[in-house]
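Novice: Sharing a structure here in structure tokens format.
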Amino acid sequence: MSETMQQASAQDIQERAAIDQSARLPVLFFFTSAAGWLFLATLLGFASSLKLAAPELWDACPWLAYGQLFPAHMDSLIYGWGMQAGFGVMIWLMARLCRVEVKNGVTLVAAGMVWNLTVLFGVVAVWSGYGNSMPWLDFPAYLWPAMFLSYAVIAGTLMMMFRRRREGEAYISQKYIFAAALWFPWIFITANLILNHVGGSAVMNAGVNVWFMSNLIYFWFVPVGLASAYYIIPKIVGRPIYSYQLAQIAFWALAVLAGWTGFNRFLGGPFPSWMPAISGAAILLMLLPIGAVAVNFLGTLSGRGRLMHYSPSLRFTVFGGIMFNVYGLLVAFSSYFDVSRLLQFSYATLGYDIMIIYGFFSMVVFGAIYFIVPRITGCEWPSAKLIRFHFWYSSYGIITIVAFMIFAGLAQGGAIDDWSGDFMDSVRRGKGYVVALAVAWALISVANLAFYYQLLMMAFGFGRKSEGPTLIHKNPGEAASAEEAAGFATEETAKA
């Protein structure tokens, strides 16, 4: 019996190694490309924050105006970093969970090159002042078909892997990846056709814009982030997810409710009153799937919190999960009219967007990258110290951005709400907080430089070859796993 189990285990190890090898080329391509875009995005975030704090800065350079720096920063963050990093995570997770090899790695890299070139042209166009002034959709109209075709190749590969999966119930991570792969083309094509080809009033275009922004968050960034978290947390903790039924409920609740959100950004605006009212109600109901995710993660982590002291992947993932729940609470609170009228046209909305895109999604993806890359490269991360540096500087930066942008929003919104006051007073009240925004992006930029350096070292085969994983607060070789470092393996052996 034990010999049969050993053979099965050896066969399983060989199978995972073959899958990892087949995914190596496209996954590393997307991760390294995304990390380069991330460093650029954070530098643009720092520059745009400086310009916002000191408007007279760089007056002689029109292409360094805030109206060009900021959208270039957000587009680089969303399409350059976020979606490409998500592609890498989706490909590896789908291959591992479906137990199938990636058959067309070169085709995926070709699609990725088209995506990178299209995003590059788009960011340069926006940075040069040729954008269309629609947040997150401000690339020139002629670029979106190329982005869609590139995405279709990647999504098609994911669908084919899912189709070739082994028989049995699909994992919750597979469902989230499959759903995200299908949802994005729907919202992307719909928004671009209406804004760039059908046309309409400025009010309708603004409504389509916020509908797309909200759905990009809930129908792509959230599913991909949750797919990663639902895989990483049980893997490192060493136990199945707390409640699969609860995970299923959260998945379907997200699918039903998310599409109704978005118009809550325009409470009191020039829309039929039922539209922002329904969006506000949907945002409140979104607390149900968000709460279900929190219960599942807490239940899975119960009694094993010490692992976060040693596992880089778990630490980043749990931080991202916390940000996801805080985001849900803050957005739900802001859906009340009395709160929305103060915050909806203030810096607070920027804080919310950064919280979900960077605080949740990016931190969870960092956790996934720290888990995936050693498995596809065959070497370990060179420095646990740099991983700690990356985590703490990123965390401090994110918390600073979110907290100070909310404070700035309250100060700014209070001045805007005072009809007898001067509008410029609201600008002056928020200006001091913008300095903290620049400091935060500087911290995050330095953190991402350390991350990018280590990732390139791993990609080119210069990672650590010695035994033992790279664990926080443990020297290489001192423990074979985070479980052993936390003392769980010893305790369980003693009990046995």
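No value in this document is a laboratory result; all are computed from the given coordinates. From a predicted model like this one, the values you see are computed outputs, not experimental measurements. Counting neighbours? That spans all protein chains shown, and the Cβs are built from the backbone with ideal geometry, glycine included.
Novice: What share of all Cα pairs of the range 14-168, in percent, falls into each consecutive 5 Å distance bin?
Specialist: Going from the shortest bin to the longest, the percentages are 2, 10, 17, 18, 15, 12, 9, 7, 5, 3, 2, 1, 0.
Novice: Continuing with this model, one more query. Sorting Ser346, Ser395 on the 10 Å Cβ count, fewest up front, what's the list?
Specialist: Ascending number of Cβ neighbours within 10 Å: Ser395, Ser346.
Novice: State, in angstrom, two size descriptors of the range 177-259 derived from its alpha carbons: Rg to one decimal place and Dmax to the nearest whole number.
Specialist: 16.3, 54
Novice: Putting +1 on Lys and Arg Cβ atoms and -1 on Asp and Glu Cβ atoms, find which of Ile401, Leu301, Ile290 reaches farthest to the positive end of the dipole of the chain.
Specialist: Leu301
Novice: When only C-alpha pairs under 8 Å and at least 6 residues apart count, what is the relative contact order of the range 14-168, in percent?
Specialist: This gives 31 percent for the range 14-168.
Novice: Taking the chain as the reference, fit the longest principal axis to its C-alpha atoms, fit the long axis of helix 244-257 to the helix C-alpha atoms, and give the angle between the two in degrees, 0 to 90, nearest 10.
Specialist: So the inclination is approximately 20 degrees.
Novice: If I take R0 = 30 Å and measure r between the Cβ atoms of Tyr336 and Ala403 in this structure, what FRET efficiency does the formula 1/(1 + (r/R0)^6) give, to the nearest 0.05?
Specialist: 0.90
Novice: Using unit Cβ charges (K, R positive; D, E negative) and no other charged atoms, how large, in debye to the nearest 20, is the dipole of the range 304-496 about its Cα centre?
Specialist: Here the size comes out at about 440 debye.
Novice: With angles folded into 0 to 90 degrees, how steeply does helix 105-127 sit against the dominant principal axis of the chain? Use alpha carbons for both and round to 10.
Specialist: With both axes taken from Cα atoms, the answer is about 20 degrees.
Novice: Normalised by the residues of the chain, what does the relative contact order come to in percent, with Cα pairs under 8 Å and at least six apart?
Specialist: Computed value for the chain: 16 percent relative contact order.
Novice: Another question about this same structure. What FRET efficiency, computed as 1/(1 + (r/R0)^6) with R0 = 45 Å and r the Cβ-Cβ distance, is obtained for Val295 and Arg428, rounded to the nearest 0.05?
Specialist: 0.55
Novice: Here is a follow-up. Give the residue list of trypsin sites (Lys or Arg not before Pro) in the range 1-94 that are DSSP loop and have at most 10 other beta-carbon atoms within 10 angstrom.
Specialist: Sites meeting the loop and neighbour criteria: none at all.
Novice: Another one. Can you give me the Cα centroid spacing of the range 270-292 and the range 75-122 in angstrom?
Specialist: 32
Novice: Take Met457, Met355 and order them by how many other Cβ atoms sit within 10 Å, fewest up front.
Specialist: Listed from fewest to most nearby Cβ atoms, that is Met457, Met355.
Novice: Per DSSP H run of at least 4 residues, take -39500 (n - 2.57); add these up for the chain, divide by its residues and hand me the 222 nm value, nearest 500 deg cm²/dmol.
Specialist: -24000 deg cm²/dmol
Novice: Quick check on the chain: what does the Kirkwood estimate of hydrodynamic radius come out to from the alpha carbon pairs, in Å?
Specialist: Taking the inverse mean of 1/r over all distinct Cα pairs, the chain comes out at 23.5 Å.
Novice: To the nearest 20 debye, what charge dipole does the chain have about its Cα centre, counting +1 at the Cβ of each Lys and Arg and -1 at the Cβ of each Asp and Glu?
Specialist: 720
Novice: Specify the angular offset, from 0 to 90 degrees and rounded to the nearest 10, of the alpha carbon long axis of helix 423-459 from the longest principal axis of the alpha carbons in the chain.
Specialist: Compared with the principal axis, the helix lies near 20 degrees.
Novice: Can you give the charge dipole size of the range 14-168 about its Cα centre, rounded to the nearest 20 debye, using +1 on the beta carbon of Lys and Arg and -1 on the beta carbon of Asp and Glu?
Specialist: Computed about the Cα centre, the dipole is about 820 debye.
Novice: May I ask which residue of Pro135, Ala281, Ala155 lies farthest towards the positive end of the charge dipole of the chain, with charges of +1 (Lys, Arg) and -1 (Asp, Glu) on Cβ and the Cα centre as origin?
Specialist: Most positive-ward Cα: Ala155.
Novice: Which FRET efficiency, nearest 0.05, do Trp58 and Ile13 yield, Cβ-Cβ r, R0 56 Å?
Specialist: The formula returns an efficiency of 0.50 here.
Novice: Shape of the range 304-496 from its Cα gyration tensor (a ≥ b ≥ c, root eigenvalues): rounded if a/c is under 1.5, otherwise prolate when a/b > b/c, or oblate?
Specialist: In terms of gyration-tensor shape, prolate.
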